[in-house]
Amino acid sequence: MARHLITSAIPYINGVKHLGNLVGSQLPADLYARYLRGRGHEVLFLCATDEHGTPAELAAAKAGQDVAEYCAEMHEVQARLAEGFRLSFDHFGRSSSPQNHALTQHFAGRLYDEGLITEVSETQMYSKADGRFLPDRYIEGTCPNCGFDSARGDQCDNCTKQLDPVDLIDPHSTISGSKDLEMRETKHLYLRQSTMKDQLDGWISAKSDWPVLTTSIAKKWLHDGDGLQDRGITRDLDWGIPVKRGSEDWPGMEGKVFYVWFDAPIEYVACAQEWVDAGKGSDWERWWRTDKGADDVTYTQFMGKDNVPFHTLSFPATILGSGEPWKLVDYIKSFNYLNYEGGQFSTSRGRGVFMDQALEILPADYWRWWLLSHAPESSDAEFTWENFQVSVNKDLADVLGNFVSRVTKFCRSKFGETVPEGGTYGPTEEALIADLNQKLAAYQTHMEAMDVRKSAQELRAIWVAGNEYLQSAAPWAAFKEDPDRAAAIVRLSLNLIRVYAIISAPFIPDACDTLKSAFGIEDAAWPDDMSDALAVLPAGTEFTVPENLFRKITEDEVADWSARFSGQRN
RNA sequence: GCCUCGGUAGCUCAGCGGUUAGAGUUGACCGCUCAUAACGGUUAGGUCGCAGGUUCGAAUCCUGCCCGAGGCACCA
């Protein structure tokens, strides 16, 4: 039994996430967490909402709410959706928690003591009407290069030229529309991660088993241009963690807050404290402090490729730079993007399916299965309704659902709702068991390697093996000549359903719960040897024939949903 | 412009130096009739983006080009 700390990239508080966000971090993290728990390991699986920053302030203002209020509400919304998708977080925290405030300030103090923080004076665009400094992308004006009239302060969307806000002709705030802007001097803290370049480079270079996606992004940031650059870790905002060194004030930094990308990853640590403070655990340091028991913890992070630089460089710089024995990540599993019907999912345009809408249409298992079996591991992947329909109908309804249905209903009609006795196992059963042992081993290997798609494929192959067995054993034919033989076949098949309920649970937990309750399964121990595992339900065990596990998606629904989610979320 | 990843059967993908290039799905055919018109079997289908090169041998390595996606740092 090993100890595994698992975190999923924390979703931004600004609205409901779409399926692309879900499959890029939370869902595969949940798959892995459920699998490891199923194998009997000790797991701490954490996630949270990322709540600070300008977009949150603006979203709150748009909703006519106070930021704190808005975030509290949206946190609840996201927490409910996470439950809806059966994401089995041990705790779903908030980056705005008091624990994270204290810890972020603590890290900043440590980094300062280690000489890793410098103060930099710079000028930024200030809007008097908005009463705030504006991030570059919230300033628009005419592009000096191509004349496009809605160029943003960071880049012109028309000619793609990189811009500085002061370059814009006739700039205005996109928040208020005000043109009363001026450059003002402001002072910020920078994390001197450039001084840690070699250390980080050596660490990344040693990770030859990480996904190429992870290491290639990290190395690009390390080696491109002038190499790893220092990063500003503070902002002139109201909503955030006040800049302090530990519990002491930071002279000259009054009224400023830490930048979200500094405090967000620290929330992984703070979240463990929240977990304890919520009464769900007793000792968070044995997960996070190598001097207090965390040295035997394996820490795995899951994220989309956009989050990789912060997890491979900035956060490790924070951890290492503190000079304290914090647990460093052992493996970073990163994902590409999921596209929607030939284009991108778009939060702003409402294109694609969002978590709340998905659950209104179909139960979580359908989505979990499709998303995980098509996870964007080696390249960007594509969601189409047609593919979704075909995969779900075939894999879940036909291959797995119908197997359960044909076995349980046959048993009910011939032997009643009780595992039948009589008969013995022969060569057909031995061949099946040998095949299943081999497939189970392959499934476990893939799961342990976090090869999500391959795991799904192998699991499906295990389901198929059940149908192949039934076809060759043909209990419906055997029953006419030798009812005992049919009883043996059915007994084995019913036991196979029990095994399915256990090993499929990481992918489709609800359907597996349905099966477990239909068979009154209490011993859900992961199968070790199939021969033993298929003898756990003895003759005489009562069960109830479950409702069909999965329904089919119809052509009409596909047509309806394609039209409904093509854009303009209502 | 620069960088990264990808371009393999109608579709979704695997293979990433070595026997006739694989799987699922789709299509065709056969079988079964326990089951959600489900299941099992057989079979069709590919000049592995294009052009060169290295090699006894390349989908697999190198170069160039074409196409797609993403990044190029203070945007979460």
**OP:** Kindly indicate whether A:Q162 is within 12 Å of RNA strand B (Cβ to nearest atom), open to solvent by less than 70 Å² (accessible area, probe 1.4 Å) and modelled with pLDDT under 75.
**Re:** no
Subject >> Residue check for A:V419: within 13 Å of A:L534 (Cβ to Cβ), touching a Ser or Thr at 6+ places or on another chain (Cβ under 6 Å) and open to solvent by less than 10 Å² (accessible area, probe 1.4 Å) >> reply: yes
Subject >> Complete set of residues in the stretch A:524-557 that are open to solvent by 40 Å² or more (accessible area, probe 1.4 Å), within 16 Å of RNA strand B (Cβ to nearest atom) and either touching a Gly at 6+ places or on another chain (Cβ under 7 Å) or among the small types (G, A, S) (or both) >> reply: A:N548
Subject >> Candidates A:H75, A:H41, filtered to the one that is in the same structural domain as A:D295 (by TED's automatic domain parsing), modelled with pLDDT of 95 or more and open to solvent by 20 Å² or more (accessible area, probe 1.4 Å) >> reply: A:H41
**OP:** Within the stretch A:349-369, identify whether any single residue is within 16 Å of A:D306 (Cβ to Cβ), at pLDDT 85 or above and among the hydroxyl-bearing types (S, T, Y), and answer yes or no.
**Re:** no
**OP:** Pick out the one residue from A:L492, A:L496 that is within 16 Å of RNA strand B (Cβ to nearest atom), within 30 Å of A:L362 (Cβ to Cβ), in a helix (DSSP H, G or I) and open to solvent by less than 10 Å² (accessible area, probe 1.4 Å).
**Re:** A:L496
Original post:
In this structure, is A:I521 surrounded by 15 or more Cβ atoms within 10 Å (Cβ to Cβ), closer than 18 Å to A:P538 by Cβ and at pLDDT 95 or above?
Top reply: no
**OP:** Kindly indicate the residue of the stretch A:259-284 that is open to solvent by 50 Å² or more (accessible area, probe 1.4 Å), in contact with a Lys or Arg (Cβ under 9 Å, 6 or more places away or on another chain) and farther than 17 Å from A:Q301 by Cβ and also nearest to RNA strand B (Cβ to nearest atom) among those meeting that condition.
**Re:** A:Y259
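Kindly indicate which of A:S178, A:S194, A:S205 is hydroxyl-bearing (S, T, Y) and within 26 Å of the chain's Cα centre (by Cα).
Residue meeting the stated conditions: A:S205.
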Original post:
So is A:V392 surrounded by 15 or more Cβ atoms within 10 Å (Cβ to Cβ), assigned by TED's automatic domain parsing to the domain that holds A:Y500, under 26 Å from A:A29 (Cβ atoms) and more than 10 Å from RNA strand B (Cβ to nearest atom) or not?
Top reply: yes
Subject >> Pairs where the first residue, in the stretch A:393-406, is over 16 Å from A:A465 (Cβ atoms) and the second is among the charged types (D, E, K, R) and surrounded by fewer than 18 Cβ atoms within 10 Å (Cβ to Cβ), C-beta under 6 Å, 6+ apart >> reply: A:N393/A:K552; A:A397/A:K552
Original post:
Do we find a residue being among the hydrophobic types (A, V, I, L, M, F, W, C), within 30 Å of A:E377 (Cβ to Cβ) and within 11 Å of RNA strand B (Cβ to nearest atom) anywhere in the stretch A:402-419?
Top reply: yes
**OP:** Considering only residues that are hydroxyl-bearing (S, T, Y) and within 23 Å of A:M303 (Cα to Cα), look in the stretch A:211-235 and name the one that is nearest to RNA strand B (Cβ to nearest atom).
**Re:** A:S216
Original post:
Of all residues in the stretch A:1-38, which are modelled with pLDDT of 90 or more, surrounded by fewer than 20 Cβ atoms within 10 Å (Cβ to Cβ) and of a type in the set (A, V, I, L, M)?
Top reply: A:A2
Subject >> Criterion: open to solvent by 80 Å² or more (accessible area, probe 1.4 Å), within 21 Å of A:N307 (Cβ to Cβ) and part of a helix (DSSP H, G or I) - qualifying residue of A:W203, A:W221 >> reply: A:W221
**OP:** Could you list, in sequence order, all residues of the stretch A:105-129 that are surrounded by fewer than 19 Cβ atoms within 10 Å (Cβ to Cβ) and assigned to a loop (DSSP other than H, G, I, E, B)?
**Re:** A:E114, A:G115, A:K128, A:A129
Subject >> All positions within the stretch A:558-570 that are exposed (fewer than 11 other Cβ atoms within 10 Å of the Cβ) and either without any contact (Cβ under 8 Å) to a residue 40 or more places away in the chain or at negative phi (or both) >> reply: A:A563, A:N570
**OP:** Mind listing whichever residues of the stretch A:465-484 are near RNA strand B (Cβ under 8 Å from one of its atoms) and either basic (K, R) or open to solvent by 60 Å² or more (accessible area, probe 1.4 Å) (or both)?
**Re:** A:E468, A:Q471, A:S472, A:W476
Subject >> the stretch A:328-339 - residue that is crowded, with 22+ Cβ neighbours inside 10 Å and in contact with a Leu (Cβ under 8 Å, 6 or more places away or on another chain) and, of those, nearest to A:E382 (Cα to Cα) >> reply: A:L338
**OP:** Take the stretch A:187-210 and flag every residue that is away from RNA strand B (no atom under 12 Å from the Cβ) and among the polar types (S, T, N, Q).
**Re:** A:T195, A:Q199, A:S205, A:S208
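The values are calculated or read from the model by the stated rules, or taken from the named source; none is laboratory data. This structure is a prediction, so every number in the text was calculated from the model and none was measured. Positions of Cβ are generated from backbone atoms using ideal geometry, with glycine treated the same way; all protein chains shown enter the neighbour counts. Note: areas computed on protein heavy atoms with side chains; ligands, DNA, RNA excluded. Shrake-Rupley method; radii C 1.70, N 1.55, O 1.52, S 1.80 Å.
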